[in-house]
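Novice: Got a structure for you, written out below as structure tokens; questions coming shortly.
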Amino acid sequence: MKRVLLIALISSGVSLSFAQTQIGNSGFETWETVPSTTFTEPTNWNSFLTASGSLNSNAANQIEQSTDVRPGTSGVSSARIYERLILGFIKANGNLTLGRINMGSATAGNADANYNASITADPNFSEALTDTPDSLVFWAKYVPTENSKQARVKASLHDDYDYHDPEGTGGSATHIVATAVLDYSHTNNAWKRFSIPFDYTVATTANPNTYILITFTTNKTPGGGTGNDVVFIDDVELIYNPATSGISKIDKNDGIVVGMDNSTDNIIITSVKDLKGSYKIYNTSGQEVQNGAIASKISFEKGFGAYFVHLTTEGKEYTFE
């Protein structure tokens, strides 16, 4: 699983490590062959090729690795998801999920038989997540046959339960901690960045989240496409804002906060007093990648990875816990 690690080093080198959990293979760079087929799925993600349910013998490939990637990325591949017809008349939306697809009814909108599920006992069909992200960010290029159509993404934080999306008439709805949902229109055949806040007010009796289920589909309505809709997905990211995430730590004595705001690509430094001095940022190989004067907001656009922030200010040492 990818992790973004930000470590603050103050003065003589007292250190703190804290992290933001990210989705495994969120850039769709690694793919693996599905057993008994010649097709591939992105590692850590699933499609119809690994579906369960009484109709899974009708499953076919609806995903492929693509070299069409979003602008500005250092990655070399994305996920291309496409719709198709089953048995010549059933429209099956393209579907990519962290869970497992269940194919149980020829009626596309039957939410009790057709759904994606977190199989919490199987890490191949679930994604553990105990952090509390503020929003979901991803890049998409949506190319529907009809411009009136809309694709969908839904991310659900849920407790230790085999949660279904859509929830149907079962008990899944009571296990939601937060959701981030977006129906989006065509992107004019270009890549577009989307940011969706998580809504924590939807929680009912659910315990703190322990899993996340994300689903990308080519149409917001089950079976609602035209049979030829396509969506490309790249660089999925969970955003943790400094004010609410566990990535920022406050010094007991001087109230210094160092955090990363990935929604704006800025390192945020705050303090109860004015800070004067300089900073240096290093990667895990010890190479300096950026430096300058300490400021409350420092632009930092190096992408996924682990970095060290060294602050030098008035020769004083700080201990972060």
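The values are calculated or read from the model by the stated rules, or taken from the named source; none is laboratory data. None of these values were measured; they are calculated from a predicted model. Because the Cβ atoms are built from the backbone with ideal geometry, glycine has one as well, and the counts that use them run over all protein chains shown. Accessible surface areas use protein heavy atoms only, side chains included; no ligands, DNA or RNA. Shrake-Rupley method; radii C 1.70, N 1.55, O 1.52, S 1.80 Å.
Novice: Would you please name the residue that is modelled with the highest pLDDT, looking only at residues in the range 53-87 that are polar (S, T, N, Q) and over 18 Å from Phe216 (Cα atoms)?
Specialist: Thr67
Novice: Still on this structure, I have one more. For the range 186-218, give me the residue count where each residue is farther than 16 Å from Ser135 by Cβ and not in a strand (DSSP E or B).
Specialist: Qualifying residue count, the range 186-218: 14.
Novice: Right, here's the next one. For the range 132-185, give me each residue that is part of a loop (DSSP other than H, G, I, E, B), touching a residue at least 40 places away in the same chain (Cβ under 8 Å) and of a type in the set (Ser, Thr, Tyr).
Specialist: Answer for the range 132-185, where residues must be part of a loop (DSSP other than H, G, I, E, B), touching a residue at least 40 places away in the same chain (Cβ under 8 Å) and of a type in the set (Ser, Thr, Tyr): Thr132, Thr145, Tyr161, Tyr163, Thr169, Ser185.
Novice: Find the residue count for the range 114-131, including only residues that are touching a Ser or Thr at 6+ places or on another chain (Cβ under 9 Å), open to solvent by 50 Å² or more (accessible area, probe 1.4 Å) and assigned to a loop (DSSP other than H, G, I, E, B).
Specialist: Going through the range 114-131 one residue at a time, the tally reaches 2.
Novice: So, in the range 95-109, of the ones that are of a type outside the set (A, V, I, L, M, F, W, C) and at pLDDT 95 or above, which residue ends up surrounded by the most Cβ atoms within 10 Å (Cβ to Cβ)?
Specialist: Filtering the range 95-109 for residues that are of a type outside the set (A, V, I, L, M, F, W, C) and at pLDDT 95 or above, the one surrounded by the most Cβ atoms within 10 Å (Cβ to Cβ) comes out as Gly99.
Novice: Right, something else. Does any residue of the range 191-199 turn out to be in contact with an Asp or Glu (Cβ under 9 Å, 6 or more places away or on another chain) and either aliphatic (A, V, I, L, M) or at pLDDT 95 or above (or both)?
Specialist: Checking the range 191-199: at least one residue is in contact with an Asp or Glu (Cβ under 9 Å, 6 or more places away or on another chain) and either aliphatic (A, V, I, L, M) or at pLDDT 95 or above (or both).
Novice: Let me ask you something else. Do we find a residue being open to solvent by 60 Å² or more (accessible area, probe 1.4 Å) and closer than 18 Å to Ser118 by Cβ anywhere in the range 184-204?
Specialist: Yes.
Novice: For the condition within 30 Å of Ala190 (Cβ to Cβ) and free of Cβ contacts under 8 Å to residues at least 24 places away in the same chain, what is the one hit in Gly94, Gly72?
Specialist: Answer to the check: Gly72.
Novice: Here is a follow-up. Considering Phe125, Phe138, which residue is within 28 Å of Asn228 (Cβ to Cβ) and either within 20 Å of the chain's Cα centre (by Cα) or among the hydrophobic types (A, V, I, L, M, F, W, C) (or both)?
Specialist: None of the other options fit; the residue is Phe138.
Novice: So if I check each of Lys220, Lys297, Lys280, which one is modelled with pLDDT of 75 or more, within 30 Å of Asn147 (Cβ to Cβ), touching a strand residue (DSSP E or B) at 6+ places or on another chain (Cβ under 7 Å) and among the basic types (Lys, Arg)?
Specialist: Matching residue, one of Lys220, Lys297, Lys280: Lys220.
Novice: Still on this structure, please answer the following. Going by the structure shown, is Thr37 open to solvent by 40 Å² or more (accessible area, probe 1.4 Å), polar (S, T, N, Q) and touching a helix residue (DSSP H, G or I) at 6+ places or on another chain (Cβ under 7 Å)?
Specialist: yes
Novice: In the range 149-170, which residue that is more than 15 Å from Leu213 (Cβ to Cβ) and touching a His at 6+ places or on another chain (Cβ under 9 Å) is least open to solvent (accessible area, probe 1.4 Å)?
Specialist: By that ranking, first place goes to Ala151.
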